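**Q** Sharing a structure here in structure tokens format.
The values are calculated or read from the model by the stated rules, or taken from the named source; none is laboratory data. Treat the numbers as computed from the prediction; the structure is a model and nothing was measured. Cβ placement follows ideal geometry from the backbone for every residue including glycine, while neighbour counts extend to all protein chains displayed.
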Amino acid sequence: MATAPELSEAMTEALERSPSRLILDLTEVTFMESSGIKVVVHALNSLPAGSRMVLRRPQPAVRMVFEITDLAHLFVIED
């Protein structure tokens, strides 16, 4: 919750470049709650048509959040 605004700002800057692939490196993220999920899903929905979002190296607890919310299938998840 505390870092969601910072994440949102970084995602907005990245989306301004209209990427065909957006990689979110989650290596050091140990916890993600609804505010972070909201930012990530908003970024996914803001990508140009045909673009993909990659969640790179999510920690087990973070990956589980995407799985139990049934969102994991929307992303490319790289271990």
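**Q** Contact list please: Cβ distance under 8 Å, first residue in region 12-37 and more than 18 Å from residue 74 (Cβ to Cβ), second residue charged (D, E, K, R), pairs at least six apart or on different chains.
**A** Here the result reads 27/56; 27/57, each pair linking region 12-37 to a residue that is charged (D, E, K, R).
**Q** Filter region 11-39 for residues that are exposed (fewer than 13 other Cβ atoms within 10 Å of the Cβ) and hydrophobic (A, V, I, L, M, F, W, C) and give the result.
**A** 31
**Q** Would you please name the residue that is modelled with the lowest pLDDT, looking only at residues in region 22-79 that are over 10 Å from the mean Cα position of the chain (by Cα) and acidic (Asp, Glu)?
**A** Here the residue is 79.
**Q** With (1) within 20 Å of residue 12 (Cα to Cα); (2) loosely packed, with under 14 Cβ neighbours inside 10 Å; (3) not aliphatic (A, V, I, L, M) as the list, and residue 78 as the residue in question, which single condition is left unmet?
**A** (1)
**Q** Here is a follow-up. Got a sec? Which of 55, 47 is of a type outside the set (Ser, Thr, Tyr), touching a Phe, Trp or Tyr at 6+ places or on another chain (Cβ under 6 Å) and surrounded by 14 or more Cβ atoms within 10 Å (Cβ to Cβ)?
**A** None of the other options fit; the residue is 55.
**Q** Being in contact with a strand residue (DSSP E or B) (Cβ under 9 Å, 6 or more places away or on another chain) and charged (D, E, K, R) is the filter here; which residues of region 43-79 pass it?
**A** Those that are in contact with a strand residue (DSSP E or B) (Cβ under 9 Å, 6 or more places away or on another chain) and charged (D, E, K, R): 52, 56, 57, 63, 78, 79.
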